[in-house]
Amino acid sequence: MTRRVVARINDITLQLMKQWGREECETRCRLATAYRLVHRFKWDELIYGHLTLRVPGTDHFLINPFGLSYSEVTAGCLIKVDGQGTVIDSGTSRQFSFQRTGYVIHSAIHAARSDLSALVHIHSRAGMAVASSVEKLLPICQHSVFIEPVSYHPYRGIVVDEQEKVELAANFPSPSKCLVMRNHGLLTGGATIEEAFLLMFYFQGVCQVYVDAGYTHRPVPEQFIIHDDVITKSVKDTLAVNFTAGNFGMLDFQS
């Protein structure tokens, strides 16, 4: 039997700890853990898609090296960039740089949305199916109550043009934290990586229900659409029972 070697998430040395400081090191570990969770849930697509997290107290954010699978991402290898795409610190990633597409998408949203320190962008099968066939997501299951309001951004081709950043930011206004990128995939944002991850769990789940129920090619029966008043009450009750201020997604992420 062949033994599979799993790269440690926390590969930060004492020297790097002194260089980055405890807060940035903890930020790196949390983001690297999120990459592993996305891989664990099979939302990743080879080396594509991106998760980013703002470095506390700065305008810089961490992003994955383009060339590693999500199962290989570690805390140390994450690349620190600024809003202009300048590499501030390449970490331990000497072989790979970041992907321009990821920089354009994430820098646009980080700059426009100070409330979203973390972003999760995936190309899951269910997410791409919905992004390519559904005009507007309707609340059809319990997961739906957490993702509203959902925003939408049209497909303009591979995202490499800086000019698209303005439209992208405009199409993802507050208080929305879930974005359907038409013909492309899904994106969520949160004040923490834990929140962004849990929102993606719900968002991806709703898309999977759409696919499983056949709603990508036929209308949702009206009797199955959850009413707005029920959504409002459900969110209020769930937050009161399951979460305290600022810890949305924390317990789920740690489990």
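The values are calculated or read from the model by the stated rules, or taken from the named source; none is laboratory data. What you see is a predicted model, and the numbers here were worked out from it, not measured in a lab. As a convention, Cβ positions derive from the backbone with ideal geometry for all residues, glycine included, and neighbour counts pool all protein chains shown. Accessible surface areas use protein heavy atoms only, side chains included; no ligands, DNA or RNA. Shrake-Rupley method; radii C 1.70, N 1.55, O 1.52, S 1.80 Å.
A compact table of results
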read-out	value
Test: residue in segment 70-79 that is open to solvent by 60 Å² or more (accessible area, probe 1.4 Å), aliphatic (A, V, I, L, M), more than 30 Å from residue 223 (Cα to Cα) and in contact (Cβ under 8 Å) with a residue 12 or more places away in the chain	no
Residue in segment 84-103 that is open to solvent by less than 20 Å² (accessible area, probe 1.4 Å), part of a helix (DSSP H, G or I) and out of contact with any Phe, Trp or Tyr (no Cβ under 9 Å at 6 or more places or on another chain) present	yes
Pair list, Cβ under 6 Å, 6 or more apart: segment 186-213 residue closer than 17 Å to residue 53 by Cβ, other residue among the polar types (S, T, N, Q)	191/117; 196/188; 199/188; 200/188
Residues of segment 119-139 classified as open to solvent by less than 30 Å² (accessible area, probe 1.4 Å) and not hydroxyl-bearing (Ser, Thr, Tyr), total	11
Members of segment 156-185 that are hydroxyl-bearing (Ser, Thr, Tyr), open to solvent by less than 30 Å² (accessible area, probe 1.4 Å) and touching a residue at least 60 places away in the same chain (Cβ under 8 Å)	none
Of all residues in segment 141-155 being surrounded by 15 or more Cβ atoms within 10 Å (Cβ to Cβ) and farther than 11 Å from residue 231 by Cβ, the one that is farthest from the chain's Cα centre (by Cα)	141
Within segment 33-59, considering residues that are in contact with a strand residue (DSSP E or B) (Cβ under 9 Å, 6 or more places away or on another chain), among the aliphatic types (A, V, I, L, M) and within 30 Å of residue 128 (Cβ to Cβ), the one most open to solvent (accessible area, probe 1.4 Å)	47
Residue ranges of helices (runs of 4 or more DSSP H) in segment 122-237 with at least 2 members at pLDDT below 95	144-147, 164-170, 193-213
Selection status of residue 73, over 14 Å from the mean Cα position of the chain (by Cα) and under 30 Å from residue 15 (Cβ atoms)	yes
Some residue of segment 19-38 being over 29 Å from residue 173 (Cα atoms), among the hydroxyl-bearing types (Ser, Thr, Tyr) and in a helix (DSSP H, G or I)	no
